[in-house]
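The values are calculated or read from the model by the stated rules, or taken from the named source; none is laboratory data. These figures come from a predicted structure and were not determined experimentally. We place every Cβ from the backbone using ideal geometry, glycine too, and count neighbours over all the protein chains shown.
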Amino acid sequence: MTIKTNLTNDFSTKDLNPKVYIVILNYRRTPDTIECIESLLEINYSNYQVLVIDNSEIESPFQNLLDWASLKKIEFDQTDEKRLNLIENQKQIVFIKSEKNKGFASGNNIGLRAILDAQKGDSYIWLLNNDTIVDKDSLKEQILYLMQNQHSKIGILGSKLIYYFKRDSLQAVGGRFNKKFFISEHIGEGESTIKSKSKFEKIDYVIGASMFVTYKFLKEVGTLNEDFFLYYEELDWAYRAQEKGWFLDWCPDSLVFHKEGASIGSSYDSKKKSFFSEVQIFKSRKIFVKKYYRLKLRFYISSLLLILNRVRKGKFKLGVELLKITFNK
């Protein structure tokens with residue numbers, strides 16, 4: 001599959017006007033979410049609507065978002081997941097309170113289902129982590145990239161993810177799936193942001209911090225799999241996409257700066273991962289492997305090696321919990 005990487009002005013500005021729904025999931029980290037929204041309000045594109053779903057178990061983060069928007073005199077709608085109707089909610093920002101925190105996939109799906117219900121067949125959807133900020137041209141470049149590569153049937157498009165606190169260093173351009181240990185790995189981590197796209201290997205999946213899709217893709221492939229509370233949902237989406245003939249890609253001119261796991265301690269660096277994050281990775285990993293590869297001897301051996309590596313680092317309590325996850329039915 002040949003993909004253009006040198007985007008020229010083949011399309012005029014008037015062609016770049018489809019509706020874009022930007023879905024952001026907030027979990028307690030209201031300051032991060034506000035900074036993300038503020039960066040979106042500065043982008044060089046106007047036809048978009050931001051759906052902010054608050055997944056916090058407590059009310060204060062949601063109220064803080066409303067207070068911020070009111071103070072800034074930003075026009076917004078507020079609702080809850082049961083009353084969310086995008087035909088009625090026309091403001092550029094819609095704050096939505098989830099009924100219960102059922103995980104990353106479930107929270108994002110509140111927005112995705114509302115978009116499907118709105119039946120905006122020519123629209124685009126951008127799932128964006130709340131601990132990111134975006135470059136002014138990040139959205140426009142993704143639309144242009146898909147327009148210029150319509151023949152390629154790109155299902156999920158990623159951005160160039162750059163470390164928020166180290167702007168000359170990549171977090172990732174995508175991910176690969178290690179079938180030996182059944183673990184996901186970042187492609188491009190720590191490399192220069194100016195490295196040419198042609199120098200990177202093909203990605204197996206798009207990193208969940210920034211996933212751009214069309215309405216057609218969403219309707220055909222479906223929403224995120226809520227069997228995954230956290231992690232592996234983007235890999236599952238990628239597998240389901242490819243089963244239906246869609247391809248995965250990333251846009252080198254769409255720049256997204258990522259704080260990486262600020263709300264749950266889920267940094268890609270294993271030394272910084274929280275207990276909660278480690279447990280969720282193992283739970284989701286098992287669900288994913290069972291679905292696509294089955295739980296055979298290689299799964300259990302690889303799991304034991306991963307657990308031993310954590311025990312070697314002194315994480316004994318975590319090791320016991322991961323053993324339970326691995327061997328309990």
Name, by its number, the condition in (1) modelled with pLDDT of 95 or more; (2) assigned to a loop (DSSP other than H, G, I, E, B); (3) among the hydroxyl-bearing types (Ser, Thr, Tyr) that does not hold for Ser254. (2)
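Yes or no, residue by residue, for (1) in contact with a helix residue (DSSP H, G or I) (Cβ under 8 Å, 6 or more places away or on another chain); (2) farther than 16 Å from Ile133 by Cβ; (3) at pLDDT below 95:
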{"site": "Leu41", "(1), (2), (3)": "no, no, no"}
{"site": "Ile58", "(1), (2), (3)": "no, yes, yes"}
{"site": "Asn64", "(1), (2), (3)": "yes, yes, no"}
{"site": "Asp77", "(1), (2), (3)": "no, yes, no"}
{"site": "Asp80", "(1), (2), (3)": "no, yes, no"}
{"site": "Gln92", "(1), (2), (3)": "no, yes, no"}
Out of everything in the range 178-221 that is within 16 Å of Leu116 (Cβ to Cβ), more than 15 Å from the chain's Cα centre (by Cα) and not hydrophobic (A, V, I, L, M, F, W, C), what residue ends up being surrounded by the most Cβ atoms within 10 Å (Cβ to Cβ)? Tyr215
Leading residue by the ranking (surrounded by the fewest Cβ atoms within 10 Å (Cβ to Cβ)) among those in the range 276-301 that are outside any helix (DSSP H, G or I) and at pLDDT 95 or above: Lys296
Let me confirm something: among Phe165, Phe228, which residue is part of a loop (DSSP other than H, G, I, E, B), touching a residue at least 40 places away in the same chain (Cβ under 8 Å) and surrounded by fewer than 21 Cβ atoms within 10 Å (Cβ to Cβ)? Phe165
Mind checking whether some residue in the range 83-90 is closer than 27 Å to Glu141 by Cβ and surrounded by fewer than 18 Cβ atoms within 10 Å (Cβ to Cβ)? yes
Being over 13 Å from Phe288 (Cα atoms) and part of a loop (DSSP other than H, G, I, E, B) is the filter here, so list the residues in the range 231-248 that pass it. Lys244, Gly245, Trp246
